[in-house]
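Chemist: Dropping a structure here in structure tokens format, bear with me for questions.
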2 protein chains.
Amino acid sequence: MSMTQSLKRSLQQTPDAIVAREGERHLSFSQFGDRVARLAGALRKLGVKRGDRVAMLSLNSTRYLEYFLAVPWAGGALNPCNIRWSVKEVTYSLDDSQSTVLIVDDAHAAVGAEIAALAKTVRTVIHAGDGPAPAGMLSYEALITGTDPVEDAGLAPSDMAGIFYTGGTTGFPKGVVLSHLNLWASSMCYLLEGMFPEGVVYLHAAPMFHLADLGMTVAVFLRGGTHAIVPGFTPQGVTDALVAHGVTDMLLVPTMIQMLADHPGIAPVRDRLRVKRLVYGASPISEAVLERAMVAMPGVQFMQVYGMTELSPLATCNGFYNHSPEGRAAGKLRAAGRATFGVEVRIVDPEGREVPRGTVGEVIVRGPNVMQGYWNLPEQTVAALRDGWMHTGDGAWMDADGYVFIADRLKDMIISGGENVYSTEVENVLAQHPAVAACAVIGVPSERWGEAVHAVVVLKPGQAATADELRAHCKAFIAGYKCPAQVEFREGLPLSGAGKILKTELRKPYWERKGENN
Amino acid sequence: MSMTQSLKRSLQQTPDAIVAREGERHLSFSQFGDRVARLAGALRKLGVKRGDRVAMLSLNSTRYLEYFLAVPWAGGALNPCNIRWSVKEVTYSLDDSQSTVLIVDDAHAAVGAEIAALAKTVRTVIHAGDGPAPAGMLSYEALITGTDPVEDAGLAPSDMAGIFYTGGTTGFPKGVVLSHLNLWASSMCYLLEGMFPEGVVYLHAAPMFHLADLGMTVAVFLRGGTHAIVPGFTPQGVTDALVAHGVTDMLLVPTMIQMLADHPGIAPVRDRLRVKRLVYGASPISEAVLERAMVAMPGVQFMQVYGMTELSPLATCNGFYNHSPEGRAAGKLRAAGRATFGVEVRIVDPEGREVPRGTVGEVIVRGPNVMQGYWNLPEQTVAALRDGWMHTGDGAWMDADGYVFIADRLKDMIISGGENVYSTEVENVLAQHPAVAACAVIGVPSERWGEAVHAVVVLKPGQAATADELRAHCKAFIAGYKCPAQVEFREGLPLSGAGKILKTELRKPYWERKGENN
């Protein structure tokens, strides 16, 4: 039930199948399994004992995939670090998790050395690159060639898979402790919801350090599929990889889907694409982006997933049918989906009572996907987990068919003149304007209304629209009080490592002026 | 992750869908959920506390389905009793498991009263029938109408789902303790292997008390599908149900498949059948039976599963493709399949070392499907479970693609003149003779060879074959020492409740004469 079991199953059944493709390189399961068993042996020699944390700070790579498998094979636990974080934040996560080994790639060798000097428990830094290791670091490749393969530690479902530090978009990072059962539960659900059938070639375009992509990683290993890897998301890099590796499945956030669909490089290779399924999260997708993506990648089916690191990460799925031209008539496209297999989802009021269908409340979730707790944070754990229910902090309502519609992060809700305004509703309308490439709606201080609705808009290249035009567009769809009082035009939006729009950053200048920190 | 979670998911998403069809009756999820929550309330009033065992002795029925859900909803654990067992054996299982409540149907009311009088811990007998309850029993329907619905106990994945007494075909029954995680793991795998897609109508034709069918029950609840129910297997009863309920999926043992395929009543309704998937276990299927079944039920796909109660029950699957006319060329039809998702399967020698591919050894299995242990039998538990590996006692070999071929129950292996003879190999050859309807091969005492190969054969109606003809047929395919020294013709074979051929019974007269008990 741990990831190593999936690997051993492929080693037994399909040893010659290709597990990883990156640029010109590829590895069979038997080659990969041998490297994993050797790297695990090296980690044990470096003193990694059962449950010890091993960190990685790296762009996407085949070696990242090896790290995901070698650490549990050795008996250890993962701490994949967010590469967008500051030195201080990464150091905090290493200290907090008491990681003893840090693996860095070429792009993070310099910052890795800096972090290792500051981190209290890191004894060893491993350089996962092709060239010689910098001074003070061990060579990843030398460790593999110089160590005999060891037997899998055979971790139990209840054993810790890793400590996964959450986004850091608000407050200080929290370490989410997930078991192998947690990860397995979510990944089984991905497969059951229709992702990753036999023959899958999955592209790691989203960052591998993030649990959204790790959930996919576990699922693709369960299926025994192929991992295609690019160092990170760029429209041209992804386009090239789609063609070169015959990619069938991807996870992207809507922002990335839009960038890819609008990328001039994709049309010329349209007929050579094999992309069948595209899973997205973080926010609903607009029909406009969906249709552009369907033109760019003919035959692709879409699925929305909703969850969070604390849910390993899956809670609800909105399946292919609701995204299809026929299915969209049912009006479920804007839903985050409904409870996946084995998972219970409820919408409750502040006293924990289930609210009637159609009423906004907090999403709470119970099931095998719910985290073990926050590392070293007993109070936050008790606050988040009550009777086994994870309290997500997200506001949503449920329709008669059990579909969950995220109203907003509860704290993102704008209260203007005593009326609740849900940012996503406004964003969805703005996104339908032909000149709008991307947008975010936040609440800003208002003398008169308490908060005012404020839109940050990125226009499509070569397109124009005024604030008044956009307001008029909105008024055609939603109540006046929901329409943006202010429209700010920008070249781009600040994104987190997971590709979520960093609303905190957008809000900051407005609220700092007020002497508040929202 | 318990069965009640799946039910609650359907109550939230598809309350008006049909969960059960039996004869003229049918129930929606909301009707069914209400009955389950009331029955659970009644069980609690009767003193069923968390973990307490509740037994049922009954033919297949919708009430059996309610029992499966109401017991965990109340917080209790299942003990579904084998209806083929003697009063003494059922009483043993009730005493051993300390069941406090026994539910019986009309067919088992008399024997239930007898058993309840003998069983030490049974305080309450519930009559699950339409008419008035016999003296000394409570009415199932009165309990439901007279009790308010209660909240689900919300059992954890690690909580006991039930104690499942194994076959009893050899030795004294052993109580296999399975957790909700155990059952969930197997049922997720059934869905992932391709059984029970959306819209499934599953026919409970195999006995519901048996874990083979219960595994399907859990999977169909996970999918939110429909359960069609017949009291037990008869070719005409199943044929009628297939038509009446639009059945799409079934579990049968090969003996039942053969009876159904050869049933004269099936051809006239051939065009009205919707059967898409047929899963079978207990033994491989002969190509001859497979082809007859494909003619009888056009478009049906086959899957073989291998497992045992101790494995909840799934270990390996042999999928649709290997049963198809094209796929059969690959020669995997006789395989029990290969390790399913999250499960490790190894073939080992008596010292526990993995044997080379192609060599017969014992099948051992590790994964989330492995039982918690045998109830009250610490020594047998330790003997069966070593380092988390379930030692199945089955002899098998593995091919280069990880497919497991069951050679025989290790104890069923015949040793004749120092040569190992695996019964299934001989049976497979015999089954290919055009006059043979069914057969079983056992070892009988032989002065000269230690054991002699003995075949028990059932001929097809209107067909004839002599022992010499069958021996000549075998010699064309397998070595002389493997061919039956003796051939015994019978009208039918003794079957266990699960439809397995009771080889113990076939062997008994021969070995009793020897003054031995094999």
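Chemist: When only DSSP loop residues count, what GluC sites (Glu not before Pro) in the range B:241-324 have their Cβ near at most 14 other Cβ atoms within 10 Å? List each step's numbers first, then the result.
Modeler: On the way: sites: B:Glu287, B:Glu291, B:Glu310; in loops: none.
Passing sites in the range B:241-324 do not exist.
Chemist: Sort A:251-260, B:325-334 by the packing proxy (mean of other Cβ within 10 Å over each peptide's residues), most packed first.
Modeler: A:251-260, B:325-334
Chemist: Applying 1/(1 + (r/R0)^6) with R0 = 45 Å to the Cβ-Cβ distance of A:Lys460 and A:Glu114, what FRET efficiency is obtained, to the nearest 0.05?
Modeler: Efficiency computed from Cβ-Cβ geometry: 0.70.
Chemist: Next question. What relative contact order, as a whole-number percentage, does the range B:413-513 give when Cα pairs under 8 Å and 6 or more residues apart are counted?
Modeler: Relative contact order, the range B:413-513: 27 percent.
Chemist: Rounded to a whole number of µm²/s, how large is the Stokes-Einstein D of chain B at 4 °C and 1.567 mPa s, given Rh as the Kirkwood radius over C-alpha pairs? Working shown, then result.
Modeler: Details: Rh = 23.7 Å.
Once the numbers are plugged in, D ends up at 55 µm²/s.
Chemist: Which of A:Lys49, B:Lys120 has the fewest other C-beta atoms within 10 Å, and how do the rest follow up to the most?
Modeler: Working: A:Lys49 12, B:Lys120 9.
Ascending Cβ contact count within 10 Å gives the list B:Lys120, A:Lys49.
Chemist: Hey, another quick one. If you take each beta carbon of peptide B:337-343 and count the beta carbons of other chains within 10 angstrom, what is the mean?
Modeler: Working: counts 0, 4, 5, 1, 11, 12, 3.
Per residue, the number of nearby Cβ atoms from other chains is 5 on average.
Chemist: From the label point of A:Val295, set 7 Å along Cα to the beta carbon, how far off in nm is each other copy's matching point, shortest first?
Modeler: Result, one decimal in nm: 5.6.
Chemist: Given Cα pairs under 8 Å that are at least 6 residues apart, what percent is the relative contact order of chain A?
Modeler: 11
Chemist: Of all DSSP beta bridges in the range B:91-176, what percent run antiparallel (nearest 5)?
Modeler: Numbers: 2 of 8 bridges.
In the range B:91-176, approximately 25 percent of DSSP beta bridges are antiparallel ones.
Chemist: When B:Arg353, A:Arg292, B:Arg50 are ordered from fewest to most other Cβ atoms inside 10 Å of their Cβ, what list results?
Modeler: Final ranking by Cβ density, sparse to dense: B:Arg353, B:Arg50, A:Arg292.
Chemist: Further question on the same structure: Let's see if you can work this out: charge +1 on each Lys and Arg Cβ, -1 on each Asp and Glu Cβ, no other charges. What is the dipole magnitude of chain B about its Cα centre, in debye to the nearest 20? Could the numbers behind the result be given before it?
Modeler: Working: 47 positive and 53 negative charges, 41 e Å.
I would put it at about 200 debye.
Chemist: Please identify the cysteines of the protein assembly as shown that lack any partner cysteine with a Cβ under 4.7 Å from their own Cβ.
Modeler: A:Cys81, A:Cys189, A:Cys317, A:Cys439, B:Cys81, B:Cys189, B:Cys317, B:Cys439 - these cysteines have no disulfide-compatible partner (Cβ-Cβ under 4.7 Å) in the protein assembly as shown.
Chemist: Hey, what does the equivalent ellipsoid look like for the range A:25-181, semi-axes from the Cα gyration tensor as sqrt of 5 times each eigenvalue, largest first, whole Å?
Modeler: 23, 19, 14
Chemist: Additional query: What translational diffusion coefficient, to the nearest whole µm²/s, does the range A:1-43 have by Stokes-Einstein, given a Kirkwood radius computed over alpha-carbon pairs, a temperature of 25 °C and 0.890 mPa s viscosity?
Modeler: 227
Chemist: Please give the Cα centre distance for the range B:26-42 versus the range B:441-510, rounded to the nearest Å.
Modeler: 49
Chemist: Let me spell out the model: positive unit charges on the Cβ of Lys and Arg, negative unit charges on the Cβ of Asp and Glu, origin at the Cα centre of the protein assembly as shown. What dipole size does that give, in debye rounded to 20?
Modeler: Roughly 40 debye for the protein assembly as shown.
Chemist: If you don't mind, another one. Helix-only estimate, please: 222 nm mean residue ellipticity of the protein assembly as shown, summing -39500 (n - 2.57) across DSSP H runs of length 4 or more and dividing by its residues, to the nearest 500.
Modeler: After summing the helix terms and dividing by residue count, I get -9000 deg cm²/dmol.
Chemist: log₁₀ I(q)/I(0) of the protein assembly as shown at q = 0.05 Å⁻¹, via Debye over equal Cα point scatterers, no solvent, to two decimals?
Modeler: Debye intensities relative to I(0), on a log10 scale: -0.34.
Chemist: Further question: Just how large is the dipole of the range B:3-178 about the Cα centre, in debye to the nearest 20, putting +1 at every Lys and Arg Cβ and -1 at every Asp and Glu Cβ?
Modeler: Value, rounded to 20: 380 debye.
Chemist: Along the positive direction of the dipole of chain A (beta-carbon charges: Lys, Arg +1; Asp, Glu -1; about the Cα centre), which of A:Ser28, A:Gln372, A:Phe477 reaches farthest?
Modeler: Towards the positive end, the residue furthest out is A:Ser28.
Chemist: In whole angstrom, and with the biggest value first, how far do the Cα coordinates of the range A:419-513 range along each principal axis?
Modeler: 35, 35, 20
Chemist: Which chain B residue sits with its beta carbon nearest the axis carrying B onto A, and how many Å away is it, rounded to a whole number?
Modeler: Of all Cβ atoms in chain B, the one nearest the axis gives B:Met188, 2.
Chemist: Given Cα positions, please report Rg to Rh for the range A:79-124, the hydrodynamic radius being the Kirkwood one.
Modeler: Answer for the range A:79-124: 0.89.
Chemist: Beyond a 25 Å Cα-Cα separation, which of these cross-linked pairs lie in this structure: B:Lys475/B:Lys503; B:Lys8/B:Lys500; A:Lys475/A:Lys500; A:Lys332/A:Lys460; A:Lys482/B:Lys8; A:Lys120/A:Lys174?
Modeler: From the list (B:Lys475/B:Lys503; B:Lys8/B:Lys500; A:Lys475/A:Lys500; A:Lys332/A:Lys460; A:Lys482/B:Lys8; A:Lys120/A:Lys174), the Cα-Cα distance tops 25 Å for B:Lys8/B:Lys500; A:Lys475/A:Lys500; A:Lys332/A:Lys460; A:Lys482/B:Lys8.
Chemist: Label position 7 Å from Cα toward Cβ: report the copy-to-copy distances for A:Asp95 in nm, one decimal, ordered from shortest.
Modeler: Sorted ascending, the copy-to-copy spacings read 6.6 nm.
Chemist: Among A:Ala431, A:Val441, A:Val457, flag the residue with its Cα farthest along the positive direction of the charge dipole of the range A:422-494, charges on Cβ as +1 for Lys/Arg and -1 for Asp/Glu.
Modeler: Farthest towards the positive pole: A:Ala431.
Chemist: Tell me which chymotrypsin sites (Phe, Trp or Tyr not before Pro) from the range B:16-110 have a DSSP coil assignment and no more than 10 other beta carbons within 10 Å of their own.
Modeler: Hits after loop and neighbour filter: nothing returned.
Chemist: Considering only the range A:419-513, what is the antiparallel percent among its DSSP beta bridges, to the nearest 5?
Modeler: The antiparallel fraction comes to roughly 70 percent.
Chemist: Express in whole angstrom the spacing between the alpha-carbon centres of the range A:111-187 and the range B:101-139.
Modeler: 59
Values quoted throughout were computed directly from the atomic coordinates according to the rules given, and no laboratory measurement underlies them. Just so it is clear, the structure is predicted and the values come from calculations on it, not from any experiment. Note: ideal-geometry Cβ built from the backbone for every residue, glycine included; neighbour counts use all protein chains shown.
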